[in-house]
Structure formats: C-alpha cells, structure tokens
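The values are calculated or read from the model by the stated rules, or taken from the named source; none is laboratory data. Predicted model, so just to flag it, every value in this text is computed and none were measured. Cβ: placed from backbone, ideal geometry, glycine included. Neighbour counts: every protein chain shown. When the accessible area is computed, the model is the full protein with side chains, heavy atoms only, and any ligands, DNA or RNA have been set aside. Shrake-Rupley method; radii C 1.70, N 1.55, O 1.52, S 1.80 Å.
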Amino acid sequence: MSSNITSETVTVNFIEYIQDTLIMRFAYTDSLNTLINFTGWEIDLEVRRKSTDILPSLKKSTSSGTISTNGSTYNIEIIITDIDTETLGKGTFPYFIKTKDTNGYINTLIVGTRTLMVR
C-alpha cells in the first residue's frame with residue numbers, strides 16, 4: 001500500500017560555493033510521526049539554469065541511483081557533488097524535487113533556488 005503525501009509544497013533556497021558538496025536530507029513523516037517508507041517510489045531532483053528551460057542542467061533520481069531513500073533518521077538523501085557544482089558554475093538556479101508513488105501519484109515536495117558563488 002502506498003502513502004500519498006498530502007502537504008503543501010515547501011520552498012527551500014540554498015546558498016553554497018562552487019566546488020562544495022552539499023548533502024540534502026529530508027524526513028517526511030505520517031500523522032504518527034513515523035518516517036514514510038519510499039521503497040518503490042520514484043524521486044527526482046531537477047536543477048535548471050532558468051525556470052523556462054525545458055531540460056534540466058542537473059538531474060538526480062532514485063532510478064539512476066543518485067538519490068537514496070529510507071535512512072534511519074531521514075527518508076530522502078540527495079548528494080550534490082563538488083563536480084556537480086563546478087559543472088553548474090556561478091549563478092542562481094531554480095530546482096524542484098518531485099515524487100511518484102507506487103500508484104503513479106506525482107507530488108512536488110520542494111521548490112527553490114540554488115545560488116552558487118565563487119570563494
């Protein structure tokens with residue numbers, strides 16, 4: 001059985017430096033404060049140069065193995081590597097994280113911007 005997430009989309013903005021690695025961990029819980037089991041779900045992160053771009057400049061997903069799920073204190077982990085931030089370069093980039101549950105229900109969990117700066 002699948003648990004649909006029924007929450008508002010959260011906005012999270014990041015400021016980080018080129019050549020840094022960022023680990024994003026999220027803990028989504030049910031009404032009993034138990035972590036939701038994301039086994040079998042598809043989770044995608046897409047970062048674009050502009051919000052109007054059709055194709056993402058950076059994509060991470062559970063299907064490609066670049067997003068992991070179901071840790072002991074979190075249930076979504078995304079690692080943006082130093083190579084990823086170097087490839088994106090300096091700027092502010094819109095991004096979103098979406099889920100697709102085992103029933104095919106799609107939900108946008110998080111939207112925001114990533115600002116990459118040079119030290």
Treat each spin label as a single point 7 Å out from the Cα along the C-beta direction, and report the K59 to Q19 distance in nm.
-> 3.0 nm
Carbon and sulfur atoms: what percent of the 1.4 Å accessible area of the chain do they account for?
-> 51 percent
Based on the mean of other beta carbon atoms within 10 Å per residue, what is the order of 29-40, 50-61, most packed first?
-> 50-61, 29-40
Where only C-alpha atoms are counted, convex hull volume of the chain per residue in Å³ | 109 Å³
With every protein chain in place, what's the accessible area of T81 (1.4 Å probe, Å², nearest 10)?
-> 40 Å²
Given a 1.4 Å probe, the accessible area of the range 67-119 per residue, as a whole number of Å², is 48 Å²
Enumerate the lysines that K90 could reach by cross-link, defined here as Cα to Cα under 17 Å, with residues fewer than 8 away along the same chain left out.
-> K50
Based on DSSP H runs of at least 4 residues, each adding -39500 (n - 2.57), what is the mean residue ellipticity at 222 nm of the chain after dividing by all its residues, to the nearest 500 deg cm²/dmol?
-> -1500 deg cm²/dmol
Give me the percent of DSSP beta bridges within the chain that run antiparallel, rounded to the nearest 5.
-> 85 percent
Added length on full extension, which subtracts the Cα-Cα distance from 0.36 nm per residue, M117 to T11 | 36.1 nm
